[in-house]
Structures are given as structure tokens and as C-alpha cells.
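The values are calculated or read from the model by the stated rules, or taken from the named source; none is laboratory data. Everything numeric in this text was worked out from a predicted model, so none of it was measured. Virtual Cβ from ideal backbone geometry, glycine too; neighbours counted across all protein chains shown.
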Amino acid sequence: MFGLLALVTASIFFGAAIYINVAEQPARLHLDDRAALAQWVPAYRRGFEMQASLAIISGLLGAAAWWWTGNPLWGLGAAVIILNWPYTLLIIMPVNNRLEATAPDQANEETRGLLARWGRLHAGRSALGAIAAAIYLIAAARGI
């Protein structure tokens, strides 16, 4: 049961992450600089809370499945989904900090460039979610 819950939470994580990359971010970049930044700030905060929680829960569930079954694929999936934390803190957070330090009325082309860069970096989170979900799916299939 732990493994299936790990798969479900990793899949939800991936779904949310890919939605941001294929729907929310392109729509945001069609806004003017000020509106794009004003939209990004609350969207990022809400998204971070949701995705951070899902990554931790999925990682813990994957680790529990590994402990319970002895199948190292569950542990590998857990490690991959948890990699979202250091990836976010070390790679994405410097861009976030610069965006959050910019007042919407001061948004300019540099801000737009940072938002575009943020979107490209966020695709890494989507990839980690997809990889973790795929590993969990393989582990689940082997357990049947």
C-alpha cells in the first residue's frame, strides 16, 4: 500500500508541475511585465507549498515501501522525488529571491527574463516528478 500511495503522490506532483510548464507559465508570459510578476508571486507561493508537501510525502511513502518490500526501486523513486528539495533550494531559489525582491511596478525586461528562466528551471522539477513516477510504476508492476 505504501508503494501505491507513493506512486499516486508522485503522479500528482508531476501533474501539477507539468501543468505549470505547459499551461500556467506560457499564459503568464503573454502578460505585460508587471502583470506577469504580480501573477507569479502568489502562484509560486501556493504551488511551492503543494509541491513541497507532495515531494516529502511521496518520498516518505517510497522509503516505507522500500523498507517493507526490500525492492530498491522504491528507494530510488523516493530519492528522485526528494531531489526536488535540493534542486529547488540550490538552483531555483536564487531566481525566486530576485523575482520576489522586485516590486511589480518595477518589473522590466530583466524581470521577464528571470520569469522565463524560472520556467525553464521549473521544467527540471517536472522531469524529476516524471522520473520518480516512472520508477514507482516499474516497482509497482514488479510487485504484482
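Selection of the stretch 68-112 for residues being loosely packed, with under 12 Cβ neighbours inside 10 Å and of a type in the set (A, V, I, L, M, F, W, C) yields L89, L90, A101, A103. Scanning the stretch 59-75 for residues that are touching a residue at least 60 places away in the same chain (Cβ under 8 Å) and either over 22 Å from F48 (Cα atoms) or polar (S, T, N, Q) (or both) yields a total of 7.
Residue pairs whose Cβ atoms lie under 6 Å apart, sitting 6 or more positions apart in sequence or on different chains, and linking a residue in the stretch 110-124 that is over 15 Å from V22 (Cβ atoms) to a partner that is among the polar types (S, T, N, Q), are T111/T102. All conditions but one from (1) in contact (Cβ under 8 Å) with a residue 40 or more places away in the chain; (2) under 15 Å from L115 (Cβ atoms) apply to R98; the one that does not is (1). Just one of the listed residues (I20, I12) is crowded, with 17+ Cβ neighbours inside 10 Å and under 14 Å from L137 (Cα atoms), and it is I12.
Listed here are the residues, each with its yes/no results for (1) in contact with a Ser or Thr (Cβ under 9 Å, 6 or more places away or on another chain); (2) over 24 Å from G3 (Cα atoms); (3) not hydroxyl-bearing (S, T, Y).
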residue: A43; (1), (2), (3): no, yes, yes
residue: A64; (1), (2), (3): no, no, yes
residue: P72; (1), (2), (3): no, no, yes
residue: L89; (1), (2), (3): no, yes, yes
residue: M93; (1), (2), (3): no, yes, yes
residue: N96; (1), (2), (3): yes, yes, yes
residue: E110; (1), (2), (3): yes, yes, yes
residue: A116; (1), (2), (3): no, yes, yes
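Considered as a group, the residues in the stretch 26-60 that are closer than 17 Å to A127 by Cβ, at pLDDT 95 or above and not hydroxyl-bearing (S, T, Y) include one that is surrounded by the most Cβ atoms within 10 Å (Cβ to Cβ), and that residue is A55.
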